[in-house]
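Student: Please see the structure below; I have some questions.
The values are calculated or read from the model by the stated rules, or taken from the named source; none is laboratory data. All of these numbers come straight from a predicted model, not from anything done at the bench. Virtual Cβ from ideal backbone geometry, glycine too; neighbours counted across all protein chains shown.
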Amino acid sequence: MNKIPNRQAVCETLMELSATDPDIVVLASDSRGSASMAPFAARFPERFVEIGIAEQNLVGVAAGMAASGLKPFVTSPACFLSMRSIEQVKVDVAYSKTNVVLVGISGGVSYGALGMSHHSLQDLAVMRAIPGISVFLPADRHETRRLVEALVANPQPAYVRIGRNPVEDVHESADFPFEIGKAICLAEGKDVTIIAAGETVRPALDASLILEAEGIFCRVLNLHTIKPFDREAVLKAARETGFIVTVEEHSIHGGLGAAVAELVSQVCPVPMKIVGIPDEPAIPGTSAEVFAHYGLDAAGIARAVRKLTQC
Amino acid sequence: MGIQSEQNLKMKANQIRRDLLHMVHHAKTGHTGGSLSSADILTTLFYDVMHHDPVNPDWPARDRFILSKGHSVEGYWNILADMGYFPKTQLETFSKFGSPIIGHPNNKVPGVEMNTGALGHGLSISVGMAIAAKMKKEDWRVFTLMGDGEQAEGSVWEAAMAAAHYKLDNLVGIIDRNGLQISGSTEDVMALEPMDEKWHAFGWHVVKVDGLGTDG
Ligand SMILES: Cc1ncc(C[n+]2csc(CCOP(=O)(O)OP(=O)(O)O)c2C)c(N)n1
Ligand SMILES: [Mg+2]
């Protein structure tokens, strides 16, 4: 079992890159602990900016810093960053084109037992609708590292959503082809495609193994970049496999499944199932319990695939 | 600083007021009141106080200006054009279809640092710029113009706290105390006084000047 959560991978990667890139700065809103950013703050105190519990100011300040040539990484709970600060994201970051990387920590139902105030299940819908900002959900610590490296090398307005808990590795190491905007095909099946992002990628892969034993061969697409959207990979999957199941730790409205459906329904319609959190305040519990309840775990995804392909 | 005679600045501010009235009349749209009340402030900043170079708008050492009350853009556009940031003929496209010279600051236009228009954002941006200047050990300054009605936005006070916390002596926040906002007097809509004491309590050095005049 991997013990390194993605937030720790963000901190470790930024610390390494900061040794040679003097423009990297990190901002937090009384969230350095939950963001795993305390080591960065201790090592680079002059490049760590504490804003206090003021998420609007957090994003505005970061935008001002980016406009002055720095590379700010804003680390704050996804639930607040994607709601309380959203006008600053829209105007100061996306519209003004400032290269702020917003790292939404404890995303989705990471804070499962804390209730809807702390869930971020609408963030993808909101961010995706704003022109000029890229949206990412890295699947594991290795992908998180590659993404952070790419964003330091190519600064851009970006929202990166990561979870709180360690997730099982999807990649064996950080040595794999990674490109912003290019989905990663993790299994090449021809019967049906499962499209996942972030913390649902590992369960999607596990579901494909369960189904393989039953003679259903799944293609598994890891859509780490929700925007810009990899149209080609998704259309290819629709054409070649004929069925698509999307799996997201997000409302069934406006997120990954919606993005896929918007494209597929207009260009190459195929039967789809959008697996996600229904339109209700998510049930409290640990991430694992909530995933199992809504069918985001391997068994639930396998069930959704069987049901769709046998209809 | 202070190289312009008061008389010159007064004449310039009057010219800007005339030009912006012409602009709003011609386009049949605009926020006249806040533009008229800020004409002297903007004139003094751009023609006298700030270090900037219209020929080289991205000059790294320039002082930064953020129009937090972004709706008061008409005077700003006229000043930028008058100083040569873009051709004066472009002013005629104000608010026209597809024009970059819109009803709020637009950073696609040379001389404009950031897009504003949603009130309560400018001071945060300016705090970020002032922190960046300090981090980079550069000595340019940041000037922000806010409205008095805008003071009701909570984010203004988030930024005010942060500016004091980080001891940003390279940041100047200006409030156009014209006493009015859309629905009437600021004191009727949401009482603001004692405004100076509020800012003082937030850790700022407060100076009151006559904003309708150039000798403040
Ligand atoms: C967040 C936000 N809310 C509302 C508005 C609409 N609005 C534009 S100007 C204005 C009044 C501003 O009053 P004040 O700050 O006093 O500006 P001034 O008097 O200098 O024009 C309002 C409510 C806005 N631009 N942004
Ligand atoms: Mg006013």
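Student: Which members of the stretch B:120-151 meet the condition of being within 30 Å of residue A:46 (Cα to Cα) and either within 16 Å of ligand 2 (Cβ to nearest atom) or modelled with pLDDT under 95 (or both)?
Tutor: Start the filter on the stretch B:120-151 by keeping residues that are within 30 Å of residue A:46 (Cα to Cα), which leaves B:120-146.
Within the stretch B:120-151, B:120, B:122, B:123, B:144, B:145, B:146 qualify.
Student: Additional query: Determine whether residue A:100 is more than 7 Å from chain B (Cβ to nearest Cβ), touching a helix residue (DSSP H, G or I) at 6+ places or on another chain (Cβ under 8 Å) and of a type in the set (A, V, I, L, M). Can you show your working first?
Tutor: Working: more than 7 Å from chain B (Cβ to nearest Cβ): yes; touching a helix residue (DSSP H, G or I) at 6+ places or on another chain (Cβ under 8 Å): yes; of a type in the set (A, V, I, L, M): yes.
For residue A:100, the condition - more than 7 Å from chain B (Cβ to nearest Cβ), touching a helix residue (DSSP H, G or I) at 6+ places or on another chain (Cβ under 8 Å) and of a type in the set (A, V, I, L, M) - is met.
Student: Another one. Please go through the stretch B:46-73 and pick out each residue that is within 16 Å of ligand 2 (Cβ to nearest atom), within 13 Å of chain A (Cβ to nearest Cβ) and not in a loop (DSSP other than H, G, I, E, B).
Tutor: Initial filter on the stretch B:46-73 (within 16 Å of ligand 2 (Cβ to nearest atom)): B:67-73.
Pick out the ones that are also within 13 Å of chain A (Cβ to nearest Cβ) and you get B:67-68, B:70.
The one that is within 16 Å of ligand 2 (Cβ to nearest atom), within 13 Å of chain A (Cβ to nearest Cβ) and not in a loop (DSSP other than H, G, I, E, B): B:67.
Student: What residue, among those in the stretch B:118-150 that are farther than 14 Å from residue A:66 by Cα and facing chain A (nearest Cβ under 7 Å), is surrounded by the most Cβ atoms within 10 Å (Cβ to Cβ)?
Tutor: Across the stretch B:118-150, the extreme among qualifying residues is B:121.
Student: Can you name the residue in the stretch A:43-66 that is part of a helix (DSSP H, G or I), farther than 28 Å from residue A:19 by Cβ and not polar (S, T, N, Q) and, of all such residues, is farthest from the other protein chains (Cβ to nearest Cβ)? Quick ask: steps written out before the conclusion?
Tutor: Going residue by residue through the stretch A:43-66, those that are part of a helix (DSSP H, G or I) are A:43, A:45-47, A:55-66.
Add one more test, that the residue is farther than 28 Å from residue A:19 by Cβ, and what stays is A:55-57, A:60.
Adding the requirement that they be not polar (S, T, N, Q) leaves A:55, A:60.
Numbers: A:55: 9, A:60: 3 Å.
Top of the filtered list is A:55.
Student: Going by the conditions given, is residue B:43 within 14 Å of chain A (Cβ to nearest Cβ), buried (at least 24 other Cβ atoms within 10 Å of the Cβ) and over 22 Å from residue B:204 (Cα atoms)?
Tutor: Values: within 14 Å of chain A (Cβ to nearest Cβ): no; buried (at least 24 other Cβ atoms within 10 Å of the Cβ): yes; over 22 Å from residue B:204 (Cα atoms): yes.
So residue B:43 does not fit the description; no.
Student: Then there is this: Which one of these is in contact with a helix residue (DSSP H, G or I) (Cβ under 9 Å, 6 or more places away or on another chain) and in contact (Cβ under 8 Å) with a residue 24 or more places away in the chain: A:287, A:208? First the steps, then the outcome.
Tutor: Numbers: A:208 fails: in contact (Cβ under 8 Å) with a residue 24 or more places away in the chain.
Every option except A:287 fails the conditions.
Student: If residue A:40 meets every condition in (1) without any contact (Cβ under 8 Å) to a residue 40 or more places away in the chain; (2) away from chain B (no Cβ under 14 Å); (3) surrounded by fewer than 24 Cβ atoms within 10 Å (Cβ to Cβ); (4) not hydroxyl-bearing (Ser, Thr, Tyr) apart from one, which number is that one?
Tutor: Of the numbered conditions (1) without any contact (Cβ under 8 Å) to a residue 40 or more places away in the chain; (2) away from chain B (no Cβ under 14 Å); (3) surrounded by fewer than 24 Cβ atoms within 10 Å (Cβ to Cβ); (4) not hydroxyl-bearing (Ser, Thr, Tyr), the odd one out for residue A:40 is (3).
Student: Kindly indicate the residue of the stretch B:166-191 that is assigned to a helix (DSSP H, G or I) and surrounded by 14 or more Cβ atoms within 10 Å (Cβ to Cβ) and also nearest to ligand 2 (Cβ to nearest atom) among those meeting that condition.
Tutor: Looking only at the stretch B:166-191, we keep the residues that are assigned to a helix (DSSP H, G or I), and these are B:186-189.
When the remaining residues are screened for being surrounded by 14 or more Cβ atoms within 10 Å (Cβ to Cβ), the result is B:186, B:189.
On the way: B:186: 6, B:189: 10 Å.
For the stretch B:166-191, the residue satisfying everything is B:186.
Student: Could you list, ordered by first residue, the pairs with Cβ atoms under 8 Å in which the first is in the stretch A:246-275 and closer than 23 Å to residue A:111 by Cβ and the second is of a type in the set (Phe, Trp, Tyr), at least 6 apart or interchain?
Tutor: Matching pairs, first to second residue: A:249/A:291; A:275/A:294.
Student: Another one. Give the residue, chosen from B:80, B:36, that is in contact with a Gly (Cβ under 9 Å, 6 or more places away or on another chain), at pLDDT 95 or above and surrounded by fewer than 22 Cβ atoms within 10 Å (Cβ to Cβ).
Tutor: Criteria check complete, one pass: B:36.
Student: So, one more: Mind checking whether some residue in the stretch A:98-112 is over 20 Å from residue A:287 (Cβ atoms) and surrounded by fewer than 19 Cβ atoms within 10 Å (Cβ to Cβ)?
Tutor: In the first step, residues of the stretch A:98-112 are kept if they are over 20 Å from residue A:287 (Cβ atoms); the result is A:98-102.
Then drop every residue that is not surrounded by fewer than 19 Cβ atoms within 10 Å (Cβ to Cβ), which leaves none.
There is no residue in the stretch A:98-112 that is over 20 Å from residue A:287 (Cβ atoms) and surrounded by fewer than 19 Cβ atoms within 10 Å (Cβ to Cβ).
Student: Which pairs turn up if I take residues in the stretch B:147-158 that are within 14 Å of residue B:176 (Cβ to Cβ) and look for partners that are within 7 Å of ligand 1 (Cβ to nearest atom) and part of a helix (DSSP H, G or I) with beta carbon separation below 6 Å, at least 6 apart in sequence or on another chain?
Tutor: These pairs meet every condition: B:148/B:186; B:149/B:186.
Student: Within the stretch B:93-117, which residues are more than 10 Å from chain A (Cβ to nearest Cβ) and under 22 Å from residue B:13 (Cβ atoms)?
Tutor: Those that are more than 10 Å from chain A (Cβ to nearest Cβ) and under 22 Å from residue B:13 (Cβ atoms): B:94, B:101, B:103, B:109, B:111.
Student: Next question, about the same structure. Which one is farthest from ligand 1 (Cβ to nearest atom), of the residues in the stretch B:164-184 that are polar (S, T, N, Q) and without any contact (Cβ under 8 Å) to a residue 40 or more places away in the chain?
Tutor: Pass one, the stretch B:164-184, residues polar (S, T, N, Q): B:170, B:178, B:181, B:183.
Adding the requirement that they be without any contact (Cβ under 8 Å) to a residue 40 or more places away in the chain leaves B:181, B:183.
Numbers: B:181: 3, B:183: 8 Å.
By that ranking, first place goes to B:183.
Student: With (1) over 15 Å from residue A:309 (Cβ atoms); (2) over 15 Å from the mean Cα position of the chain (by Cα) as the list, and residue A:219 as the residue in question, which single condition is left unmet?
Tutor: If we test residue A:219 against (1) over 15 Å from residue A:309 (Cβ atoms); (2) over 15 Å from the mean Cα position of the chain (by Cα), just (1) comes out false.
Student: Same structure again: Yes or no: residue A:73 in contact with a Lys or Arg (Cβ under 8 Å, 6 or more places away or on another chain) and within 18 Å of residue A:155 (Cβ to Cβ)?
Tutor: Values: in contact with a Lys or Arg (Cβ under 8 Å, 6 or more places away or on another chain): no; within 18 Å of residue A:155 (Cβ to Cβ): yes.
So residue A:73 does not fit the description; no.
Student: Across the stretch B:26-43, what is the number of residues that are in contact with a helix residue (DSSP H, G or I) (Cβ under 6 Å, 6 or more places away or on another chain), away from ligand 1 (no atom under 11 Å from the Cβ) and of a type in the set (Ser, Thr, Tyr)?
Tutor: 1
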